[in-house]
Structures are given as C-alpha cells and as structure tokens.
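To start, the structure under review is shown below, and the notes come after it.
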Amino acid sequence: MTNIFSHKLFEIFFEKGLIALLILLASSQVNLSLERYKLVETQRVAGTTEFVSACQEIWSKVYEYEAAVNAETSATVNRLHLRIAGAKMQNADDLEVADLKSKEEKKIKEIEQLVGEQKFVIGQQFSDHFFKYLGLVRARADAEKTAWEKSGEEAKISRDAGEVFDKQIASMRFTSDMAREYAIAQLPH
C-alpha cells in the first residue's frame, strides 16, 4: 500500500512538475516574443523619426534653392523690363544676375549632396520626388522668363505652363506630419 501510495504521490509530483515546467517555458517564450516586439517597435519609431528629420532637412535646402531661383528669375525679369523700356543696362545688373545664378547652382549642388547622403534613409522614391520638384521649380522659372522674352501666343503658352508648374509644385509639397504618416505606413508590420 505504501508502494502504491508513493507511486501515486510520485505521479502527482511528476505531473505538477511537468505542468510547472511547461508553464515556465511558455512564459519565457511569451517574454521573449514581447521583448522582440518592443525592439521592433522601437526600431520602427526610430526609423520613422530619422525619415522625417531627413525630409525636413532636405525640404529646408529645397526651399532655399527655390528662393534663389525666384530671386534670379526676378532679377532677370527686371532686366527684361528695363530693356523693353529702353533703359541702358548696367554691368552691375549683369553681375547681379550672374551672382544669383551662381548661388542657385551652389544650392542645387548642396541638395544633390544631401539627398545622396540621405538616400538610404528616404529611399529612391523620395530622392526622385525631390529631384522632380527641383526640376519643376527650374521649369517654372524658365517659363516665367520666356513669357517676358516672347510675345503673343508664345508668351501665353509660357504663362500657362508657369501656372501648370505652380500647381504641380504645390501638389508635391508635403509636411512633416505627412512624411511621418507615410513612413509609418511603409514599415513592415
């Protein structure tokens, strides 16, 4: 009887020990999964933050470039106004336009370098997006200058093109919130 009793007691302890071991293994597996999930989420947030800050840095340079293009375009258009009015052109006017064009070229090189450095963070799609935006800014400026240089139908076509470029440029701008939403949507779940 003691043998049966000790055998039953051994079975009970063995079953309880086995259950405890299974619970311990399951809880450690759940804990590992939870830690892995937290690590992935932390990396997602860090990646999103890095993406947004890279886009903000690039946009600030893009807007500086856009301001430089606008300044150069305004100076060129002013020269065209003076030429149309029959005023004598000053060398200083030519130097001003050349200086503004030089600043514009310097800005575009800075942007190309920055986008190249941040390409891993922002990806090919956004690199292309920024370069397309820059191309549209340049095309809008050229259309505006052409509208003043030409007359009649050519001038109207250039003005219409400038308006189309304006709309495209406006549609391509995005805020840091939009960038954050996009980055979160692109992350693997």
Could the peptides 152-162, 102-112, 25-35 be put in order, highest first, of the mean number of other beta-carbon atoms found within 10 Å of their residues?
102-112, 152-162, 25-35
Shape of region 2-45 from its Cα gyration tensor (a ≥ b ≥ c, root eigenvalues): rounded if a/c is under 1.5, otherwise prolate when a/b > b/c, or oblate?
prolate
So how far apart, in nm, are the two label points at F5 and K109 if each is 7 Å from Cα heading toward Cβ?
9.7
Restricting to DSSP H runs of at least four residues, report the calculated mean residue ellipticity at 222 nm for the chain, -39500 (n - 2.57) per run over all residues, nearest 500 deg cm²/dmol.
-34000 deg cm²/dmol
Residues Y182 and F131, FRET efficiency given R0 of 25 Å [Cβ-Cβ distance, rounded to 0.05]
0.90
Label point distance in nm, L21-Q168, each placed 7 Å from Cα along Cα→Cβ:
7.1
Helix check for the chain. Which DSSP H runs span at least 27 Å along their own axis by Cα, with a mean Kyte-Doolittle hydropathy no less than 0.0?
2-84
Extension reserve of the K150-L80 stretch, reckoned as 0.36 nm per residue once the Cα distance is removed:
24.1 nm
Leading residue at positive end of dipole, the chain (Cβ point charges), from F126, F14, W59:
F14
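Since every read-out is calculated from the coordinates, none of them should be taken as a lab result. From a predicted model like this one, the values you see are computed outputs, not experimental measurements. Note that each Cβ is placed from the backbone with ideal geometry, even for glycine, and that neighbours are counted across all protein chains shown.
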